[in-house]
1. Residue check: is Glu252 assigned to a helix (DSSP H, G or I), acidic (Asp, Glu) and either more than 35 Å from the chain's Cα centre (by Cα) or closer than 15 Å to Leu301 by Cα (or both)?
2. Only one of (1) touching a Phe, Trp or Tyr at 6+ places or on another chain (Cβ under 7 Å); (2) open to solvent by 30 Å² or more (accessible area, probe 1.4 Å) is not met by Arg228, so which one is it?
3. Hey, can you tell me all the residues within segment 202-228 that are over 14 Å from Tyr289 (Cα atoms), touching a helix residue (DSSP H, G or I) at 6+ places or on another chain (Cβ under 7 Å) and hydrophobic (A, V, I, L, M, F, W, C)?
4. Counting residues that are in contact (Cβ under 8 Å) with a residue 60 or more places away in the chain and under 44 Å from the mean Cα position of the chain (by Cα), which strands (runs of 3 or more DSSP E) fully inside segment 275-357 reach at least 1?
5. Can you find even one residue in segment 467-478 that is polar (S, T, N, Q) and more than 20 Å from Thr384 (Cβ to Cβ)?
6. Among (1) modelled with pLDDT under 95; (2) surrounded by 14 or more Cβ atoms within 10 Å (Cβ to Cβ), where does Trp473 come up short?
7. Report yes if some residue within segment 378-400 is more than 23 Å from the chain's Cα centre (by Cα) and in a loop (DSSP other than H, G, I, E, B); otherwise report no.
8. In segment 297-306, is there at least one residue being touching a Pro at 6+ places or on another chain (Cβ under 9 Å) and at pLDDT below 95?
Amino acid sequence: MERRSSSDEEDDRENLIPQNDDVKHLPPTTRSPFHIDDFHSTMRRRFHLHFNKRYLLAILLPLLILVLYFSTRNLFPSGLRFDRMRESELRALYLLRQQQLGLFSLWNNSQLETGNRSFVQSIAYLDDLKSALLKQISLTKEIQQVLLSSHRYGNLSEFQSNFQDPSLSGGYGFGRCGKVDQKMNERRTIEWKPKSNKYLFAICLSGQMSNHLICLEKHMFFAALLDRLLVIPSSKVDYQYNRVLDIDHINECFGRKVVVSFEEFSEAKKNHMHIDSFKCYFSLPQPCYVDEEHIKKLKSLGISMGNPEPAWVEDIKKPNKRTVQDVQSKFSSDDDVLAIGDIFYADVEQDWVMQPGGPLAHKCKTLIEPSRLILLTAQRFIQTFLGKNFVALHFRRHGFLKFCNAKRPSCFFPIPQAADCITRIVEKANAPVVYLSTDAAESETSLLQSLVVLGGKAVPLVKRPPHSSAEKWDALLYRHGLEDDSQVEAMLDKTICAMSSVFIGAPGSTFTEDILRLRKDWGSASLCDEYLCQGEDPNFVAENE
C-alpha cells in the first residue's frame, strides 16, 4: 500500500486533535470556589454513575464468563482431544524441522559453482532441484494434514478446501515416477498365421524358468517367421508350464491356434512323433545346445530324430546379430516337424523383439504372462499387504556373489550401500512400503530392514508370509492344488513386482529382466525403475579365489 500524502495526514490530525489556534477560541470555563450547589450536584452525578457501572458490571460479569466459556472451550480441549492436538503439534514441529534442514541443504547446493557443468549434468541438476522442491511442497502438505487431523469435528470441508494444491492440480503429483509412454501405436509387428500341419518343436535348456520363458518367446517369433505351430515342451523334459502360464490365453490373443501342448502334438501325430529336421541355430559349444541326457529324455517320450546338424557357425558366447531374412533363408523347410534347439542366446532383430508387446501382431498386452490364478492371487496379496503405491525390490543374493564378482564392475553390493540406494528410490517414489522378493538369508534381510530409514522412520520391507489358514489372499492357489510349488511362487513374486509403482531390479538376473518385460508390456513401467545402485560400483569387492 502507498504511503498517504502529507495533506491527508494533516487532515487526520485535525479531525482527532484540536490545533492550538482552535483552543484559543474556546469559551472560558473558570469556576468560582464558592459555587457549592454546583459542586454537590457534580458529586452526586459522579456517585450515581460509579454506582451504575458497578451494578452493570455485577450483572454482566457472569454473562461474560458464560460467553467466554462457550466460545473458548473448543480452543482448550481436554483429555484425549488435547493429547491428540499435542501429538499433532509435536509431529508438525518435527516436520517443520525436517523442512528447514531440507531447505538449507537446497540453498547450500544452489550456491555451488555450476558454470563448469556439462549439459547432461545441468539437466540432472534441474531434475534433482525439481524433485527437492516437490519434496518440500509435499512436506508442507503433510504438515497441514497433521495439524488438521486433530480437529476432526464439525463441518471442516470448506476449511480444508483452502489447503488443496492449486498449483499442482491435474495429476502432476509429488515426485518424478510417472509411467513410461511405451508408444504402442508405433509397434512394428508381423502376422503369425501358421500352417495347421507344420510344427516347430521348442527345446529350452539354459538356466532356470525365466530363461526358459525368454527362450519360448523367441521360439514364438521364429515360428511366426516360418509359418509353423509351436509345440510347448512336455513337463517330463521341462517345466510344468501349464501351472504358471495360460496356454489358451496365447491362442486367444491371436484368435487362432498358434501354440499346442505336447499332449495335443502327440495326439495329432499318433504313434509317429518324429522330428524331421533337427537344424541347429547354435553350433557351439555343442550342436543345438542340447546334451545327450536331453536327447535320451526326448526319445523316452517316443520321439525319433536324426542327429542335430548346425545351420551355421554360431557360438552362444559370441552370438552374431541376425536378421529375419537370415532366419527364413536358413530354417525354412517343407518338413512337417522342425527343431532348432535352445535359442535363449539368439540375437535376432533385438530392437524388434524387445519392443512392448513383442514383435507379433495380437490383441493382448503380452503373450507370455502369469496364469489367471496367479494374477488374482498377486492382486489379493497387494490389496492385503501393500496397497496401490509400493516399491518392489528383487534382491538376489544366493549364489550372486561369485557371479557378480566375475564381472567388471561387480554387481554385488554391501548391504549398507544397497540400503542407501533403496532409500533414495523410496524417497523419490514417495512410497510407504517395499515389497521384497529375495533369496537372501534372514541375517541379510534383517540388516537391510534396519538400514532402510526415511524421515526417521523405518520403511517396512514386506515378504510373502508362510501360508496361514487365517489369511485368504492365497486361497485360490490352495484350492487348485498349486501350493508349495517353487515355480508358482516364483511367478507370483514376478507378478507382484510387475504390478508395483516402481521396481528395483538385480543387474544380470533374467528374473529381473522378465519382470521388466511384463512391466513394459502391461504399461506399469515407471520412469524411476532401475537396477539396484544403478551407476555405482560396490564400495568394497572381495578378491577372487
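1. So Glu252 fails the test.
2. Every condition holds for Arg228 apart from (2).
3. Within segment 202-228, Met209, Leu213, Ile214, Phe221, Phe222, Leu225, Leu226 qualify.
4. Passing ranges, in order: 277-280, 337-339.
5. no
6. Of everything listed in (1) modelled with pLDDT under 95; (2) surrounded by 14 or more Cβ atoms within 10 Å (Cβ to Cβ), Trp473 misses just condition (1).
7. yes
8. Among the residues of segment 297-306, not one is touching a Pro at 6+ places or on another chain (Cβ under 9 Å) and at pLDDT below 95, which makes the answer no.
The values are calculated or read from the model by the stated rules, or taken from the named source; none is laboratory data. Owing to the predicted nature of the structure, the values given are computational and were not obtained by experimental measurement. Glycine also receives a Cβ, built like all others from the backbone with ideal geometry; neighbour counts cover every protein chain displayed. To get the accessible areas, we keep the full protein, side chains included, count just its heavy atoms, and leave off ligands, DNA and RNA. Shrake-Rupley method; radii C 1.70, N 1.55, O 1.52, S 1.80 Å.
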